[in-house]
Amino acid sequence: MRFIGNIEAKTDAKGRAFLPAVFRKVLSIGGSDVLMLRKDVHQPCLVLYPESVWNEQLDLLNERLNRWNASHRQVFRQFVSNVERITLDANGRFLIPRRYLEMANIDQAIKFIGMDDTIEIWSNDGEDRSQMNPEEFSAKLEELMSDAPLSF
């Protein structure tokens, strides 16, 4: 599954939003209809994981944790305790629980950003915290790609 793009939308008064059709199509091609929602670990946004991707992430995290290490158990507990199982209704709508809207400082205007195998949901309040300025982006991309092997 590859989600790409940046799509603006709105939530209704109850916190429901339509998952953009382009992302619903990717989900249906991938055979997934269940999403997992959690607050991003680093950024003030929410992340939607297709269930299969969520399970892969949990497996990867579990491989790196020692279940007999108290701090590892705490990390795992914190990672999985604030997760919501999301199903789309027949129209492609889903409910973003109020506590998640508050965690990501989302009022009504939102932005969906495809992030390869996940979808981020950002507040679209006019201040774009999801993007670097062009100069910083160019410098970081050059730094990152200059270490990559060349292929022709």
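Tabulated data for the structure shown
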| quantity | calculated |
| --- | --- |
| Helix-derived mean residue ellipticity, 222 nm - over the chain, DSSP H n ≥ 4, -39500 (n - 2.57), to 500 | -10500 deg cm²/dmol |
| Alpha-carbon spread of the stretch 50-91, three principal axes, descending order, Å | 45, 17, 9 |
| Whole-percent carbon and sulfur share, accessible surface of the stretch 10-152, 1.4 Å | 51 percent |
| Whether the chain is rounded, prolate or oblate, judged on the alpha carbon gyration tensor where a/c under 1.5 counts as rounded | rounded |
| Highest to lowest packing among 103-114, 83-94, scored as the average C-beta count within 10 Å | 103-114, 83-94 |
| Per-residue ³J(HN,Hα) for the stretch 82-88, Karplus 6.51 cos²θ - 1.76 cosθ + 1.60, θ = phi - 60°, Hz, x for Gly and Pro | 9, 10, 10, 7, 10, 10, 7 |
| Per residue, the convex hull volume that the Cα atoms of the stretch 72-152 enclose (Å³) | 204 Å³ |
| Dipole moment magnitude, nearest 20 debye, the chain about Cα centre, only Lys, Arg, Asp, Glu C-beta charged | 800 debye |
| Surface per residue (accessible, 1.4 Å probe) for the chain, Å² | 66 Å² |
| Euclidean distance between Cα centres, the stretch 1-32 to the stretch 86-100, Å | 10 Å |
| Straight-distance crosslink candidates among aspartates and glutamates, where the alpha carbon sits under 14 Å from K14 and sequence neighbours closer than 8 are dropped | E102, D107 |
| Cut-off 15 Å between beta-carbons: net charge of the residues surrounding R2, Lys and Arg +1, Asp and Glu -1 | -2 |
| Highest average packing first - 131-137, 36-42, Cβ atoms within 10 Å | 36-42, 131-137 |
| Selection from S138, V83, I110 lying farthest towards where the dipole of the chain points positive, charges on Cβ | V83 |
| Highest-MSF residue in the chain out of V53, V75, V22 [GNM, Cα springs under 10 Å] | V75 |
| Simple Cβ-charge dipole of the stretch 62-146, Lys/Arg +1 and Asp/Glu -1, about Cα centre, in debye nearest 20 | 760 debye |
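The values are calculated or read from the model by the stated rules, or taken from the named source; none is laboratory data. All figures in this text were calculated on a predicted structure; none of them were measured in a lab. Here the Cβ is made from the backbone with ideal geometry for all residues, glycine too, and neighbour counts use every protein chain on show. These accessible areas exclude ligands, DNA and RNA; they are computed on the full protein's heavy atoms, side chains included. Shrake-Rupley method; radii C 1.70, N 1.55, O 1.52, S 1.80 Å.
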